[in-house]
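Just below is one structure, and these are the notes that go with it.
Read-outs throughout are calculated quantities, based only on the coordinates presented, and are distinct from any laboratory measurement. Just so it is clear, the structure is predicted and the values come from calculations on it, not from any experiment. Backbone-built Cβ (ideal geometry, glycine too); neighbour counts: all protein chains shown.
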Amino acid sequence: MSGRAASGVLWLTAQKWATRLLGFVTIALLTRMLSPEDFGTVAAASTVLPFFFLLADLGFAAYIVQVDKSDRRMLSTAFWFSLLAGVVLCAALFALAPLLGVAFRDDGVVPVLQALSLWVLLTAAGSVPMALLRRDMRFAVLAGQGAAAAAVAQIVAIVMAVSGMGVWALVGQSLVAPAITTVLAWFTATWRPAFAFSRSEFRTMATFGGQVLGVEFVAMLRAWGEAAVISAMLGIGALGYMNIAQRLVQVVQDLTGSAIVPVTQVAFAKIRDDPARLLGAYLRALRLTYFALSLPLTLLAVTAPLLVPMAFGSGWAPSQHVAQVLALAGVLSVGAWLDHGLFYGLGRPGTWFVYALIIDGLTLGTTFALAGFGLVAIAWGFLVVCVVATVTRWFLTSRLLQARPGEVARPFGFLVVAVLASGATGWGVARLTTDWPVWGSLILIGLAVLTVHLLTTRLLAPRVLPEALAMLARSKVGARFPRLRRWAGAASSSPPAPAGGIGGEQT
């Protein structure tokens, strides 16, 4: 199971990297052929689409992934509902487009939004077969299909832009990707629906899915509320600075940890009937997640003053310190990615919904209270909320796993020490290389942070690196490298650390 999970994380992470890199090239080309108004029109229209898709899916895909047994009747019920809801919501979005155009104060949004209404239908039609692929842990297939769809869609966008089609090049890109993904998912899932609909199955799925839907809606409303507070109290320019800082942190998280939730949700669901195995798997995954995601976020916290002006220009200087604090907050919230998959995989989205409601409400309240003090104060407030959220999850997760809170919290110890030690070292190197070229300073800082982070982890949590190597060796990727298997075997045969250490290893 750990090998299949590692394979899934590697494949989905590789897809994210490939899509992002190709996307950067595509954006670089399109920005030279399209106007900022074209991008703004599609961006405005795209903000509406997720709400409609959530209503069409109703969380049924998440239910299919974690349910103990699935049959054709249950899957057919989910499919016919999603398809019918997709058709209705597509038509509703088409009809509401003129009103939304008035809200956005842009007549150009109306035809774009009407065309993009097909996105809801295309995505809803593929939700069940894609959920089946996730349930079977066929993440390599999903990654390949996603990368292929993104590549074709970006080529289509470039061709349409060269042909002088303007904003419709971006619309075409937005529709081609889900169309290809849906077709490929149906082809590879080898499942076909029956003409059947079960009211009892629908009620069961709707109860579970409604809680999943609630989590997503709360997150969206919190994001909208924060944007409204910042723009109203600090101005639209401040919202732009905050957005760039958030995007920088989000890119780092996407490229390193976006595969954790979909993979762990399936993996935990498959072993939830064995409490001892589940607890051991969770603690091992928690240590590895802390180790893997804290390193790039710590590096971002140190190098943001260099990265922001290099990537976005000197005019975005106010985003630098905000990005640094948000990166530290991201380190604290690393465990939330894993816990999200755990609660969904064990069929407890209701508990996670209550947790998300409280934490997102606290985040919005903190933003409102600190907005008068500036963006950096808001970022520090979010960091404090992350501390509260982390401690809260220790108690929620320990209760779910029937373990002691201290047992769940123990791996956090080596994380704090590793982040503080590597971050302080990186900051010191940054101070010593202020007169160096930017690239030279970044490389030296990166090497310093990486070295100290690895050494600290090896000292305080000596089983983390062998566990990571062992998981890689058991994955399909590791199967192609016999030397990695031998290296992992040698590392795992070393004497275990004493129980109760700061990393929480077991003898």
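Lys and Arg at +1, Asp and Glu at -1: add these up for the other residues within a Cβ distance under 15 Å of Asp273 and post the number.
Numbers: positive: Lys69, Lys270, Arg272, Arg277, Arg348; negative: Asp68, Asp274.
Neighbour charge sum, excluding Asp273 itself: +3.
How large is the helix-only mean residue ellipticity at 222 nm for the chain, computed as the sum of -39500 (n - 2.57) over DSSP H runs with n ≥ 4, divided by its residue count, in deg cm²/dmol to the nearest 500?
Working: 22 runs with 414 residues, N = 507.
Value at 222 nm, helices only: -28000 deg cm²/dmol.
With θ taken as phi - 60° and the coefficients 6.51, -1.76 and 1.60, list the Karplus ³J(HN,Hα) couplings across the stretch 439-456 in order, rounded to whole Hz; mark glycine and proline as x.
5, x, 5, 4, 5, 5, 4, x, 5, 5, 4, 4, 4, 5, 4, 5, 5, 5
Please turn the phi angles of the stretch 128-137 into ³J(HN,Hα) values with the Karplus equation 6.51 cos²θ - 1.76 cosθ + 1.60 (θ = phi - 60°), one per residue in order, whole Hz, x for glycine and proline.
Here the 3J(HN,Hα) series is 5, x, 5, 5, 5, 5, 5, 4, 7, 6 Hz.
Provide the FRET efficiency to the nearest 0.05 for the Thr204-Arg399 pair, computing r from the beta carbons and using R0 = 25 Å.
That gives a FRET efficiency of 0.55.
Let me check against my output: what whole-number percent is the relative contact order of the chain, with C-alpha pairs under 8 Å and at least 6 apart?
17 percent.
In the chain, if the dipole is taken from +1 on Lys/Arg beta carbons and -1 on Asp/Glu beta carbons about the Cα centre, which of Ser35, Leu401, Ala369 is farthest to the positive end?
Farthest towards the positive end: Leu401.
Tally Lys and Arg at +1 and Asp and Glu at -1 over the other residues with C-beta under 10 Å from the C-beta of Gly347: what net charge comes out? Intermediate values should be presented prior to the final figure.
Details: positive: Arg272, Arg348; negative: Asp68.
Its environment carries a net charge of +1.
Using only Cα atoms, figure out Rg for the stretch 1-197 and give it as a multiple of 2.2 N^0.38 Å.
Working: Rg = 17.9 Å, N = 197, 2.2 N^0.38 = 16.4 Å.
The stretch 1-197 yields a ratio of 1.10.
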